[in-house]
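Working notes, beginning with the structure itself.
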Amino acid sequence: MKKTVSKLCKLLSVSKAGYYKWLKQSSNPVERKNDFLLQFLIKRSNEEHCIPGYRKLWQAAIADGYDCSKGRVQRLLQSVGYRSKSGKRRYTSGNKKQGFITTENLLARQFDVEEPNSVWVSDITQVRCKEGWQYLCVILDLYSRKVVGWATSRINNAVLVIKTLKKAWNVRKPNGQRLLFHSDQGSQYRAKETISWLNKRGVTISMSRKGNCWDNACSESFFAQYKKEWMSNLNELSRSEMTIQSRFYIENYYNSVRMHGTIGNVSPKQYESMN
């Protein structure tokens, strides 16, 4: 029974403590109504792979005939520790939250670079796996479009970015004083840990303008090809299988074989060996 509860809670992104707290609630009329509503919300979320947030689940409840407010739905979901799989933290312009820093867009879409290790661009994407989301962070050298560092994690945070940076740094050994590092304004890149790591090495930091995906077009393009050329052709993978497939695509195909029009229709590895 315990294994079943644990598996169910993990599948629904619900904490066991929250589930048992809900289970032990007294059965007065109001709480019985809440119980029925919560059962509906969890069932509906499960049908949609735990993707919708409380607002969409509230709309589904209203459409199904439940008389409830958004706040009530939110409180019930919070009581069992529910978190949307696709929820993204939102920031207002001029965000000054402690621990997060935003810099100017110094790259300014100047994607043609003449020297290696002078401009690196980075981004993160997510892949749905059997156990939940798995995140892939990559760093590309704009000189050759080569992926010089990559890492995966089930958690999308600054630790993932720094892990990727360390891999790229160990392989490329750049002069930090001559390197520009560009990313979007994701909290992983604006975190004080990431900024501190880059500052200690004298790296110049650049970030895309808010809502301007074209400011980081090369990274966006890489992920579009990664999903179209490779991941879309595979069945649902486990997290470990996703990492293995990502390694094969990046190291055995993208860097070594795939031709790029921007560098003369050769692979990144071949381009660097020619110059």
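The values are calculated or read from the model by the stated rules, or taken from the named source; none is laboratory data. As the structure is a prediction and not an experimental result, all values here were calculated from the model. Every residue, glycine as well, gets a Cβ built from its backbone with ideal geometry; the counts of neighbours run over all protein chains shown.
For the range 217-275, give me each residue that is free of Cβ contacts under 8 Å to residues at least 40 places away in the same chain and among the small types (G, A, S).
If the condition is that a residue be free of Cβ contacts under 8 Å to residues at least 40 places away in the same chain and among the small types (G, A, S), then S221, A224, S232, S240, S256, G261, G264, S267, S273 are the ones that fit.
Being at pLDDT below 95 and among the hydrophobic types (A, V, I, L, M, F, W, C) is the filter; apply it to the range 181-197 and report the residue that is nearest to W120 (Cα to Cα).
Filtering first and then ranking leaves I195.
For the range 123-173, give me the residue count where each residue is more than 12 Å from the chain's Cα centre (by Cα) and among the polar types (S, T, N, Q).
Matching residues across the range 123-173 total 3.
Working only within the range 139-160, note down all residues that are touching an Asp or Glu at 6+ places or on another chain (Cβ under 7 Å) and farther than 19 Å from M259 by Cβ.
Across the range 139-160, the qualifying residue is only A158.
List every residue pair whose Cβ atoms sit under 7 Å apart, with the two residues 6 or more apart in sequence or on different chains, where the first one lies in the range 55-79 and is of a type in the set (V, I, T) and the second, anywhere, is assigned to a helix (DSSP H, G or I) and crowded, with 16+ Cβ neighbours inside 10 Å.
Listed pairs, sorted by first residue: V73/L41; V73/Y54; V73/L57; V73/W58; V73/A61.
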